[in-house]
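Written below as C-alpha cells is the structure these notes are about.
The values are calculated or read from the model by the stated rules, or taken from the named source; none is laboratory data. None of these values were measured; they are calculated from a predicted model. Counting neighbours? That spans all protein chains shown, and the Cβs are built from the backbone with ideal geometry, glycine included. Ligands, DNA and RNA are stripped out before the accessible areas are found, and what is left, the full protein with its side chains, is counted by its heavy atoms. Shrake-Rupley method; radii C 1.70, N 1.55, O 1.52, S 1.80 Å.
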Amino acid sequence: QVQLVESGGGLVQAGGSLRLSCAASGRTFSSYAMGWFRQAPGKERGFVAGISGRGGTTYYADFVKGRFTISRDNAKNTVYLQMNSLQPEDTAVYYCTADPSMSTLRAVGSLDSWGKGTLVTVSS
C-alpha cells in the first residue's frame, strides 16, 4: 500500500490552468504505475491519466488528450497532472492512485492506494 496526498486543486475560470500534485510515501515509488481519476457530482469515478513507473509511458482518457499532461519525479516521490484549457465539465474531485500494474490502474485504479482527493472547480 502507498500513502498518497493530493494538492493543487481550486477554483479557476474556463480556459485556465491548474497543476495537481500527488506526494507518495514509501521507498518503492518507481515500481508503481501512477494515475489520476476524477469524480464529478452525480457521476462515477473514472480514469483520467496514467504513467508508468519510470515515466516512459503515459495514457490518457480521450476527453483530456491534448489538454492534460501527466508526469512524475521519482526523486521526489511525486506525480503531477498539468491541466490546461479547463472547461466547466472538468469540475470534479481528482484522485491520485498507485498500482504495480498499469493495466489494473487504467481499469479500476488501485485496490488499496488512493488519495483523499482534491476538488477542481471550473467556472464558466
key: the stretch 1-30, subset under 14 Å from LYS76 (Cα atoms) and hydroxyl-bearing (Ser, Thr, Tyr), residue least open to solvent (accessible area, probe 1.4 Å)   = SER21
inquiry  = With the requirement that a residue be within 20 Å of ALA40 (Cβ to Cβ) and acidic (Asp, Glu), what does the stretch 63-116 give you?
reply    = GLU89, ASP90
key: Looking only at the stretch 60-94, and only at residues there that are closer than 19 Å to VAL2 by Cβ and aromatic (Phe, Trp, Tyr), the one that is least open to solvent (accessible area, probe 1.4 Å)   = TYR94
Residues (acidic (Asp, Glu) and either touching a Lys or Arg at 6+ places or on another chain (Cβ under 6 Å) or touching a residue at least 40 places away in the same chain (Cβ under 8 Å) (or both)) located in the stretch 1-48 = GLU6
ask   = Does ALA75 satisfy the condition of being farther than 15 Å from SER17 by Cα and either in contact with a strand residue (DSSP E or B) (Cβ under 7 Å, 6 or more places away or on another chain) or in a helix (DSSP H, G or I) (or both)?
value = no
query = Before we move on, is GLY50 loosely packed, with under 14 Cβ neighbours inside 10 Å and modelled with pLDDT of 95 or more?
reply = no
key: Looking only at the stretch 66-101, and only at residues there that are farther than 15 Å from GLN13 by Cα and among the aliphatic types (A, V, I, L, M), the one that is farthest from the chain's Cα centre (by Cα)   = ALA75
message = Return the residues of the stretch 46-74 that are basic (Lys, Arg) and either in contact with a helix residue (DSSP H, G or I) (Cβ under 7 Å, 6 or more places away or on another chain) or closer than 14 Å to VAL120 by Cβ (or both); say none if nothing qualifies.
response = ARG54, ARG67
ask   = Restricting attention to the stretch 34-47, and to residues there that are in contact with a Ser or Thr (Cβ under 9 Å, 6 or more places away or on another chain) and outside any strand (DSSP E or B), which single residue is surrounded by the fewest Cβ atoms within 10 Å (Cβ to Cβ)?
value = PRO41
inquiry  = Looking at the stretch 100-124, I want the residues that are under 18 Å from THR78 (Cα atoms) and at pLDDT 90 or above and have a partner that is assigned to a strand (DSSP E or B) and open to solvent by 80 Å² or more (accessible area, probe 1.4 Å) with Cβ atoms under 6 Å, at least 6 apart or on another chain. Which pairs are those?
reply    = GLY115/VAL5
ask   = How many residues are surrounded by 12 or more Cβ atoms within 10 Å (Cβ to Cβ) and either in contact with a Cys (Cβ under 9 Å, 6 or more places away or on another chain) or part of a helix (DSSP H, G or I) (or both) when one looks only at the stretch 98-124?
value = 11
